[in-house]
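Okay, so here's the structure we're looking at.
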Amino acid sequence: MKPLRLLAAALLAGLCQTALAQLSIEITGAGANRIPLGVASFDGERIVSQALVSVIRADLERCGLFRLVDTGTSPIAENAGINFTDWRGRGADALAVGSVIPASESGRYDTRFRLYDIQKQSVLTVGGYAHSAAPYQLRTTAHRIADTIYEKLTGEPGVFSTRIVYVLKSGSRYELQIADADGANAQVALASREPIISPTWSPDGSKLAYVSFESKKPVVYVHDLASGRRYVAANFKGSNSAPAWSPDGKQLAVVLTKDGNSQIYLLNADGSGATRIAASSGIDTEPRYTPDGQFIYFTSDRGGSPQIYRVPARGGEVQRITFEGNYNVTPRISPDGRSMAYIARDSGRFQVAIMDLTTKQTQILTDSQKDESPTFAPNGRMILYATEIGGRGVLAAVSSDGRVKQKLSVQNGDVREPSWGPFIK
Amino acid sequence: MRHSALIAVLAATLLAACSSQPPAPEQKPSQTEEHQPVAAQTAPVVQDDPYALAKLKDPKSILSKREIFFDYDQFVVRDEYRDLVAAHAKFLIANPKMGMLIQGNTDERGSREYNLALGQKRAEAVKKALTLLGAREDQVEAVSLGKEKPRCTGHDESCWSQNRRDDILYKGEY
């Protein structure tokens, strides 16, 4: 396990600026829609370093839905009296306060927090977590508190506690890395001299399926994260690629070429029982289940150019989904099943697009050139994707309404192939 | 004891390794029968020509030519490669135990998985040409590296055209 040297502090600061700048340029009045929120320093936080509240603030600010109100440097305990008039005067609609208290067990702490509605002069929620002073435990605690604040103020679950996986290429070395949703706390799940692509989380977050070229051809593996053990899920003659989990985690859709061109097959998660789901004389690839498991969306060139289609997961009639343009690939269905992110090519530019699956309305969400591999946050709010800036592979995120934008890069190397993990149960 | 046991294991491993390789020139048929009777029974009538293997690396032989380039968004094996493909097909026919891996590659533009499928089409195109000329289907494996292993890492057509390519590898080279 080797920590990734992310440009953490500098990057986070940059992130906020980028996101805010984008907001002010793109949509007038967006600033007014952001909820003014104060997150005070927690009483006793200095005992465990100050990596707690700074992470909560960074999470909430980066997501683009809040404007942080200056709370001064004095800590405010979770049980302290609140002067609502004063906080209203400072422009806060909500205020989070808290305390870090040493627990009876040595090396353990209890962090308690309280979230106030300043307008209504009421308590929105109280919460608490037990943890150690280890940096990753502090970060986990901070992410959970940020998730709670986010959910109370927006009505939808936060994703700060979730994890992402991506591939870091530095020189001729490829690493499959897992990090917190903010890119910090990265760990290496696999290192290889050969490429790794298409990592994707099992629905329960315990495993990753991915494609490795370590045997000079693409082979699909399933990797258990707790044990570090992995097995070959698909290694048929020819190429094996593009794994996608069924929502119940019992099956994998994969692309095999054992019968000629790239075609989509369903396997049991242990790799047994390959059955073909659709048939074309050309390319079928990039399968993805809908969250209800009813359909598989995929890319095919059966109509002459790569377009997105869908087929019932039990087999049946194939239906074309994209019609605009001559290159639409990499379908990813939103967690609520209502929209689809994909990559559209227009005038040589590959960009993240989103389609409302009911109205079929489409919108290009980015202004970059080489976008790839979009992946929805489990709450559907953000779409993480790979792109290239200044010749380097970076990760970027855009909100599904196109308003909030973020960037994530590493000092040395190219980052690519992101996949956003599920909610932590 | 330990040493002799280890040597025995090594010897067995070496013998096993030999059985899956083309016979060496000095190897007598009786020897093969003695150690690998099953292999000897199923051995094809046509023997692999051990001297032919050297041609694969001889720069003067067309068999040392292992690259086939493709036009943009195309999977057609161009006419200029007719002799090259024919020579490799002939070699596979003459060396029935020999196996081949064709790796298809693409330029960097577009989705990784879609490019993987495009590279597969290119590899399949050469495989099909070889089998039509008489190579056995099970001698040739067509795979794709997509855009993952670019030979040229620039971002213009001069690089892209080098990366739209099939590489031919023979058993022992992959």
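Every number here is computed from the coordinates shown, using simple stated rules; none is lab data. In this text, all values refer to a predicted model and were calculated from it rather than measured experimentally. For neighbour counting, all protein chains shown are included, and Cβ atoms are generated from backbone atoms with ideal geometry for every residue, glycine included.
Computed from phi, the 3J(HN,Hα) profile of the range A:329-343 under the Karplus parametrisation 6.51, -1.76, 1.60 (θ = phi - 60°) reads 9, 6, x, 9, 8, 5, x, 8, x, 8, 9, 10, 8, 7, 10 Hz, with x in place of Gly and Pro.
Of all the options A:S170, A:S262, A:S399, the one that moves most in a Gaussian network model of chain A with Cα springs shorter than 10 angstrom is A:S170. The length gained by stretching the chain between A:I389 and A:D224 to full extension, at 0.36 nm per residue less their Cα-Cα distance, is 56.1 nm. In this simple spin-label approximation, B:K55 and A:S206 carry label points 7 Å from Cα along the Cα→Cβ vector, and these lie 5.6 nm apart.
Counting other beta carbons within 10 Å of each residue's own, what order do A:L225, A:L256, B:L118 fall into, fewest first? Intermediate results must be reported in sequence, preceding the final value.
Details: A:L225 19, A:L256 23, B:L118 28.
If I rank by nearby Cβ atoms, fewest first, I get A:L225, A:L256, B:L118.
The shape of the range B:47-170 can be summarised by an equivalent ellipsoid whose semi-axes, obtained from the alpha carbon gyration tensor, come to 27, 15, 12 Å from longest to shortest. For the segment A:324-331, counting C-beta atoms of other chains within 10 Å of every residue's C-beta and taking the mean gives 2.
In percent, rounded to a whole number, the relative contact order of the range A:34-154 is 28, using alpha-carbon pairs under 8 Å and six or more apart.
Can you work out the FRET efficiency for the pair A:E214 and B:K171, with r the C-beta to C-beta distance and R0 = 25 Å, to the nearest 0.05? Efficiency, from the Cβ-Cβ distance: 0.85.
With the charge dipole of the protein assembly as shown set up from +1 on Lys and Arg Cβ and -1 on Asp and Glu Cβ about the Cα centre, the Cα lying farthest toward the positive end among the listed residues A:A181, B:A135, A:A242 is that of B:A135. Placing unit charges on the Cβ atoms only, positive for Lys and Arg and negative for Asp and Glu, gives the protein assembly as shown a dipole magnitude near 400 debye about its Cα centre.
Given R₀ = 41 Å, what would the calculated FRET efficiency be for B:D83 paired with A:F323, taking r from the Cβ atoms and rounding to 0.05?
About 0.40, to the nearest 0.05.
Remark on chain A: Rg and Dmax equal 22.7, 72 Å (Cα only).
Think of the protein assembly as shown as having a plus end and a minus end, set by charges on the Cβ of Lys, Arg, Asp and Glu; of A:V53, B:L101, A:M355, B:L101 sits farthest toward the positive end of this dipole.
On a full-extension model of 0.36 nm per residue, what is the gain between A:A274 and A:Q294, subtracting their alpha-carbon distance, rounded to one decimal in nm? Before the final figure, lay out each step's value.
Values: separation 20, 0.36 × 20 = 7.20 nm, distance 1.87 nm.
So the chain would gain 5.3 nm between A:A274 and A:Q294.
Extension gain for A:A103 to A:Y231 (0.36 nm times residue separation, less C-alpha to C-alpha distance): 41.8 nm. Extending 7 Å from Cα along the Cβ direction at B:K128 and again at A:I35 yields two label points whose distance is 5.8 nm. Only DSSP H runs of four or more residues enter the estimate; each adds -39500 (n - 2.57), and after division by the residues of the protein assembly as shown the mean residue ellipticity at 222 nm equals -7000 deg cm²/dmol.
Between their Cα atoms, which of A:K258/A:K370; A:K152/A:K207; B:K60/B:K97; A:K370/A:K405 are more than 22 Å away from each other?
Values: A:K258/A:K370 31 Å; A:K152/A:K207 30 Å; B:K60/B:K97 24 Å; A:K370/A:K405 16 Å.
Correct reply: A:K258/A:K370; A:K152/A:K207; B:K60/B:K97.
With R₀ fixed at 22 Å, the C-beta to C-beta distance from A:N412 to B:C152 puts the FRET efficiency at about 0.50. Percent of Cα pairs in the range A:303-425 per distance bin of 5 Å, from zero to the largest separation: 2, 11, 21, 23, 20, 13, 7, 3, 1, 0. Binning all Cα-Cα separations of the range A:34-154 at 10 Å, short to long from zero, yields these whole-percent fractions: 14, 50, 30, 6, 0.
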